[in-house]
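These notes are about the structure you will find just below.
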Amino acid sequence: MPLSLSERMARIKKVDTKPELVVRKLLHAHGFRFRLHRRDLPGNPDIVFPGRKKVILVHGCFWHRHDCPSGRKVPTANPEYWVPKLSRNKARDARNLIRIQTLGWTALTVWECELSDSGALAARLVRFLK
Ligand SMILES: [Zn+2]
């Protein structure tokens, strides 16, 4: 069945406001240049600064179990499937972070809920990249 206009708009909006894109735009606005999704680094980090040996990981709070209201949400449908799956996501993130650091890289995790305060987020990004 074809999608209605409002359904299509909703999808487009969702893509445009993807947390990673918001962070990328902020970085561009501050003049930073970076690479995307380096496959040779553990966990395929979202945003990579090869010269600085720094990476930025942009995580959705729900999927990556942030310690915030969205990250603590438990799915009501099929919790016996979701709860262990989400815990595995979190454990995998922790493992990847350690592996990245072991290779001599510095990582910054940006959470979806931090995007609501773009001023504070921009300051955090600039501090990390200095
Ligand atoms: Zn969060």
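The values are calculated or read from the model by the stated rules, or taken from the named source; none is laboratory data. Keep in mind that what you see is a predicted model, and the values were worked out from it rather than measured. We place every Cβ from the backbone using ideal geometry, glycine too, and count neighbours over all the protein chains shown. Surface areas here come from the heavy atoms of the whole protein model, side chains and all, with no ligands, DNA or RNA. Shrake-Rupley method; radii C 1.70, N 1.55, O 1.52, S 1.80 Å.
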- Message: So residue 63 ticks every box in (1) within 16 Å of the ligand (Cβ to nearest atom); (2) open to solvent by less than 70 Å² (accessible area, probe 1.4 Å) but one. Which box is left unticked?
- Response: (2)
- When the range 109-123 is examined, which residues are found to be assigned to a helix (DSSP H, G or I), free of Cβ contacts under 8 Å to residues at least 12 places away in the same chain and within 15 Å of the ligand (Cβ to nearest atom)? 114, 116, 120
- Task: Give me the pairs, please: first residue somewhere in the range 78-107 and on the phi < 0 side of the Ramachandran plot, second residue anywhere and charged (D, E, K, R), beta-carbon distance under 6 Å, and either six or more positions apart or on two chains.
- Result: 86/65; 90/65; 105/53; 106/54
- Please go through the range 45-104 and pick out each residue that is closer than 25 Å to residue 35 by Cα and basic (Lys, Arg). 52, 53, 54, 90, 92, 95, 99
- Message: Which numbered condition in (1) at pLDDT 95 or above; (2) hydroxyl-bearing (Ser, Thr, Tyr); (3) within 14 Å of the ligand (Cβ to nearest atom) is the only one that residue 106 fails?
- Response: (3)
- Selection within the range 66-103 - assigned to a loop (DSSP other than H, G, I, E, B), in contact with a Lys or Arg (Cβ under 9 Å, 6 or more places away or on another chain) and either within 16 Å of the ligand (Cβ to nearest atom) or not hydrophobic (A, V, I, L, M, F, W, C) (or both): 66
- Query: Pick from 24, 39: which is within 17 Å of residue 105 (Cβ to Cβ) and either in contact with a strand residue (DSSP E or B) (Cβ under 9 Å, 6 or more places away or on another chain) or more than 16 Å from the ligand (Cβ to nearest atom) (or both)?
  - Reply: 39
- Message: Return the residues of the range 75-98 that are more than 17 Å from residue 61 (Cβ to Cβ) and either in contact with a strand residue (DSSP E or B) (Cβ under 6 Å, 6 or more places away or on another chain) or surrounded by 13 or more Cβ atoms within 10 Å (Cβ to Cβ) (or both); say none if nothing qualifies.
- Response: 96
- Message: Which count do you get for residues in the range 50-65 that are in a loop (DSSP other than H, G, I, E, B) and under 24 Å from residue 25 (Cβ atoms)?
- Response: 9
- Consider residue 126 against the criteria (1) assigned to a helix (DSSP H, G or I); (2) in contact (Cβ under 8 Å) with a residue 60 or more places away in the chain; (3) of a type outside the set (Ser, Thr, Tyr); (4) within 13 Å of the ligand (Cβ to nearest atom): it satisfies all of them except one. Which criterion is unmet? (4)
